[in-house]
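Any read-out appearing in this document is the output of simple, stated calculations on the displayed coordinates, not a laboratory observation. Every value quoted in this text rests on a predicted model; they were computed, and no experiment measured them. Heads up, the Cβs are rebuilt from the backbone with ideal geometry, glycines too, and the neighbour counts pull from every protein chain shown.
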Amino acid sequence: MAPDPKAERTAKPPLRERLRPLELLAISAILGVFAGLVVLMATREIVLALIFFGIAFIVALVGLAMLALAVAPDLAEQGDLDEQNQRSVLDRGDDKRNRGH
């Protein structure tokens, strides 16, 4: 019996790939807490410290996300991307004929 193609599509990514977004959030939160604590110790104003925490968190998150996007995929990731592209084309069918133009 042939393997079920649906089972291949629902395969979970490895734990490392699933936790990557959490790593970016954690690093950004640590940088935000650091900035917030520095401002809190310097000014003793909680509201200002929270504002700096939020700004530092967002800036760090956007910066780390941009750096993560700039990294070129290795051979295994490129193969996975190509496989996903092929599956999406097969799922949609020939989109040039089905567009209705």
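Couple of notes before you dig in:
- The distance from the alpha carbon centre of the stretch 32-78 to that of the stretch 11-26 is 18 Å, rounded to a whole number.
- Residue (of T43, A65, L81) at the positive-pole extreme of the stretch 20-90, dipole from beta-carbon charges: T43
- The stretch 20-90: relative contact order as a whole-number percent, Cα under 8 Å and 6+ apart: 30
- The ranking of F52, F34 by Cβ neighbour count inside 10 Å, starting from the fewest, reads F34, F52.
- Span per principal axis, largest first, for the Cα atoms of the stretch 20-90 (Å): 59, 21, 16
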